[in-house]
Structure formats: C-alpha cells, structure tokens
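This report refers to the structure that appears directly beneath it.
A short reminder: the numbers here are calculations on the coordinates, not readings from a lab. Note that the coordinates shown come from a computational prediction; the quantities given were computed from them, not determined experimentally. Note that we place each Cβ from the backbone using ideal geometry, even for glycine, and neighbour counts take in every protein chain shown.
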Amino acid sequence: MARDKNIYSCAECGAQQPKWVGQCPDCGAWNSLVESVVGNKNVQENPRFAGYAGSQSVVRYLDEVEHAAEPRISTGISELDRVLGGGLVLGSVVLLGGDPGIGKSTLLLQGIAALNNDFPVLYVTGEESLQQVSLRASRVGLQQSRMRILSETQVERILTHAQNESPKVIVIDSIQTAYSEILQSAPGSVSQVRESAAQLVRYAKQTGTALFLVGHVTKDGQLAGPRVLEHMVDTVLYFEGDTSSRYRVVRAIKNRFGAVNELGVFAMTERGLKEVVNPSSIFLSRHQEQVPGSVVMVTREGSRPLLVEVQALVAECHASNPRRVTLGLDQNRLIMMLAVLHRHGGVAMFDQDVFVNVVGGVRVTETAADLAVLMAALSSLRDRPLPRNLVVFGEVGLAGEVRPVQEGEMRVNEAVKHGFTRAIMPKANVPKRKVKGIEIIAVEQLSEAFECV
Ligand code: TYD
Ligand code: MG
C-alpha cells in the first residue's frame with residue numbers, strides 16, 4: 001500500500017515542513033516539529049471506515065433541536081457512577097489517567113464487567129496479554145464474565161473488530177500503546193497518541209459507543225501525550241493517592257456530563273477495588289489524644305462534603321532559606337498564608353521550616369483550607385493542641401479577613417454527623433437556622449479565630 005503523505009508541523013508556530021528538522025526554520029523553536037497527516041481525507045475515504053462516514057451537515061435553529069435527557073447507565077460501582085456524573089452516557093469518551101500500578105485497569109475491568117449483561121463490552125488490551133487479563137478477572141471474582149477481550153494495538157484493526165462486534169462500550173488500555181498505520185512515528189509519541197485518539201473518538205461519536213481511554217501520566221503528573229487529548233474527550237478522570245496506600249481517589253477534572261472535582265473513593269484489596277461509601281471517616285487519623293499541629297477541616301469536593309485532617313509541623317530552620325513543603329495542598333498558597341499570618345497575626349515564621357500535609361493522600365484544591373492551615377501551623381509553632389471535636393474552614397484574604405466559602409451549611413451538617421461539637425467558620429457562612437449539636441464560632445478576622453482557641 002502506498003504511504004500517505006506526511007508532513008511535519010511546528011507545535012509552537014504551526015509552520016509546516018516536508019522533513020523533520022531539529023529546529024523550526026520559521027520560529028526557531030527547538031524540537032517542536034511533530035509528524036501529522038495532510039488532512040484526514042485518507043481516513044474518511046478508506047473503505048474500512050465507510051460504515052461510519054457520518055451524515056450530511058445541516059444548519060438548524062437552536063430551539064428546533066430536539067433532545068432527550070442523556071440516559072445514564074449504572075456501572076454497578078456507585079463511586080464510579082458518581083465521578084462520571086451519575087452513570088455512563090453512551091457516546092461519551094472518558095479518559096482515565098493515573099500513575100502506573102494505581103488501579104486503572106482493575107477499576108475499568110470491574111466497572112464494565114457489570115455492564116456486559118445489558119450492553120456488549122469490548123476490552124482492548126495493549127499492555128497485558130489475554131492471560132494476564134483473565135488472571136486479574138479471576139482474582140477480582142469475574143471469571144464467569146462473557147466479556148469480549150482483544151489484544152491489539154493498531155487502531156485501524158481495533159476499529160475493524162469494533163465494527164464487526166458492534167459493542168456499546170469499548171475500553172482501550174492504554175492509548176499510549178495504540179498506533180495508527182498512517183503515521184510512521186513510534187507508538188506513544190505525541191502524534192501517534194493524538195491520531196489514534198482522534199480516530200477512536202470519531203468512531204465513538206458516530207456510533208454512539210461509550211469509550212474509555214486509559215492514559216499514563218508523566219513524572220510531573222501530567223497526562224503523557226498532548227494536552228489535546230483532554231480537549232478531545234468529554235470526561236477526564238484522574239487517579240490520585242499513592243500506590244503504597246490502601247485508599248485510591250478518582251477525581252473528575254473535566255466532565256461535560258457532571259460536576260468537576262467530584263471524588264470517588266476506593267480501597268484496594270486483595271480482591272480488587274472496593275468502593276468506600278463513607279469516606280469522611282477514613283481521612284481522619286484518630287489520635288488517642290489531641291496533638292499539636294493537627295486540625296480537622298470540612299472540604300467540599302464536587303457535590304459532597306468531606307472531613308479531612310490537615311497536619312502542620314513547624315520546626316526551627318538551620319539553613320539560610322527556610323523550607324515550605326506541602327503535600328496535598330498548593331505550596332504557593334501556603335507561602336501567601338504565612339505572609340498573611342506575619343502581617344495580620346503578628347507571628348513570624350521566617351526562621352522556621354513549615355511542612356503541611358493532608359492525611360490520607362487526598363488533595364484539597366479549594367481555598368476553604370486556608371484557615372485550617374494557619375491554625376495548624378500556629379498550633380505546631382506554639383506546641384499547643386487545639387481542642388477536641390473542633391472543625392475549621394474558611395478562606396483567608398490578604399487583608400487578614402476570613403471570607404465565606406461555598407455550601408457552609410452542608411459542611412456544618414457533615415461535621416455534626418461525625419460527632420464534632422464546635423466549628424470555627426466565616427461569619428457569612430453561619431446557617432440561618434440553628435444547627436443542633438454544634439457550637440458555631442463565627443469569625444470575620446483572622447485574629448478572632450486565634451483568640452477563641
Ligand atoms: P492495575 O489495575 O494493574 O494498575 P494500572 O492499570 O493503573 O497500572 O493495578 C495493579 C495494582 O493493584 C498492582 O500493584 C496489584 C494491585 N492489586 C491488588 O492489590 N488487588 C487486586 O485484586 C488487583 C487486581 C490488583
Ligand atoms: Mg494497566
């Protein structure tokens with residue numbers, strides 16, 4: 001077969017070259033040329049793709065377009081349904097990213113096995129042999145599943161199989177192993193990942209098939225391959241938490257069919273992933289006695305409130321510049337908070353190392369952690385534990401004011417549910433009706449929060 005014409009385009013300026021060169025002659029960027037195909041005509045005209053050539057396009061008026069509410073299919077794993085926004089939507093494309101060995105293959109195998117009874121499933125593995133998949137299936141108790149599996153990495157062949165079998169759900173594990181024959185670059189390269197994903201997404205959209213793509217992440221936590229991948233899909237899910245801990249968190253980074261930042265919490269057991277239905281209780285390290293530097297806060301991730309413990313350690317620094325280390329929080333935010341503490345709380349930490357950690361490997365992305373971080377740091381500096389059964393949340397502004405956060409009442413109710421009896425929170429967040437069982441301390445300034453403990 002004659003090869004299609006390939007060109008090399010610069011990822012920085014878009015200039016096109018007939019040959020690969022190390023430096024773009026137009027903009028001077030180094031190593032920015034990636035291989036691509038002229039147009040995508042060859043894919044459309046290829047007889048193998050004739051089956052889903054797509055319909056003629058027409059211009060319509062918005063109010064004339066009839067639509068039905070997307071029917072949701074339950075995967076049988078409620079935490080997975082939750083991050084998907086209430087179940088899987090047929091015709092949607094979901095990208096699942098995460099570190100190696102965190103449980104991506106396990107989660108998808110378990111998630112789609114239950115679907116297979118009503119919707120035919122095709123599981124395409126490019127990384128493991130069929131025996132390995134079968135071994136894993138029997139380990140998680142799915143040896144009886146009549147699911148179709150395929151070991152293949154070439155996209156065109158995967159699509160031919162898909163057309164023959166016409167599954168309603170396809171899993172590609174992983175997109176980095178897939179390659180298209182129309183490009184010459186190696187599997188896993190930017191252009192291959194992009195082209196393979198584009199072909200698979202086109203197939204999914206035109207046939208109404210739900211598609212899961214497994215993606216690897218690089219050392220700095222980005223999905224390997226182009227960011228384009230995130231734009232092409234409807235939903236991006238990330239596995240968080242470290243592989244050594246038992247608990248795994250799946251977070252929705254982008255979702256066209258649901259809330260972002262929604263969390264699904266799982267525990268890895270010897271029989272696969274088990275959902276954790278009440279996650280608040282696992283992120284608190286239950287000390288016998290209160291220890292300095294530990295504060296419980298109520299965070300809200302997606303649509304659900306979650307109790308997490310923020311720990312701080314402030315220790316005298318013997319180097320020339322003190323360290324600010326965070327795990328599960330934004331480091332720049334900590335630096336800013338320490339500056340606010342210095343200016344408006346009168347507490348200087350320029351000669352102290354500050355370490356802050358969120359227990360359990362969760363990542364807190366919202367500003368409601370500000371007050372908890374400051375109180376934990378101060379508690380550690382003074383070596384004085386905070387009272388038992390206290391929860392704290394609130395955003396701290398640069399002027400030392402405590403600002404309201406979203407869904408104050410929901411957070412208070414969550415704290416009450418877990419037996420907390422005191423809450424320090426922004427004044428504007430205080431629930432209108434009195435909440436039974438909890439004493440609410442409303443604060444407007446940082447100094448007020450420090451005074452009351
Ligand atoms: P896996 O799903 O292969 O990860 P990924 O596809 O993200 O690379 O997860 C494998 C890890 O999970 C591996 O370290 C073994 C562990 N594991 C269990 O502890 N219990 C189980 O039942 C299974 C299937 C895996
Ligand atoms: Mg895997």
>> Between segment 77-101 and segment 140-215, how far is it from one alpha carbon centroid to the other, in angstrom?
In response: 16
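What order do you get for 22-32, 192-202, 418-428 when each peptide is scored by the mean count of other beta carbon atoms within 10 Å, highest first?
Numbers: 22-32: 12.6, 192-202: 22.7, 418-428: 18.9.
Per-residue Cβ counts within 10 Å, averaged per peptide and sorted highest first, yield 192-202, 418-428, 22-32.
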> With a Cα-only, solvent-free Debye model of the chain, what are the log10 I(q)/I(0) values at q = 0.08, 0.09, 0.11 Å⁻¹?
Replying inline: -0.59, -0.72, -0.97
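Taking N as the number of residues in segment 282-452, what is its Cα Rg relative to 2.2 N^0.38 Å? Don't jump to the answer; show the numbers that get you there.
Values: Rg = 15.0 Å, N = 171, 2.2 N^0.38 = 15.5 Å.
That ratio works out to 0.96.
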> How many lysine pairs in segment 72-277, separated by 8 or more positions in sequence or lying on different chains, have Cα atoms less than 24 Å apart?
Replying inline: 10
>> At q = 0.12, 0.24 Å⁻¹, what log₁₀ I(q)/I(0) does segment 367-453 have when each alpha carbon counts as one equal point scatterer in the Debye sum?
In response: -0.32, -1.26
>> Can you give me the Kirkwood hydrodynamic radius for segment 72-277, using every pair of distinct Cα atoms, in Å to one decimal?
In response: 16.8
> Which percent, nearest 5, of DSSP beta bridges in the chain are antiparallel?
Replying inline: 55
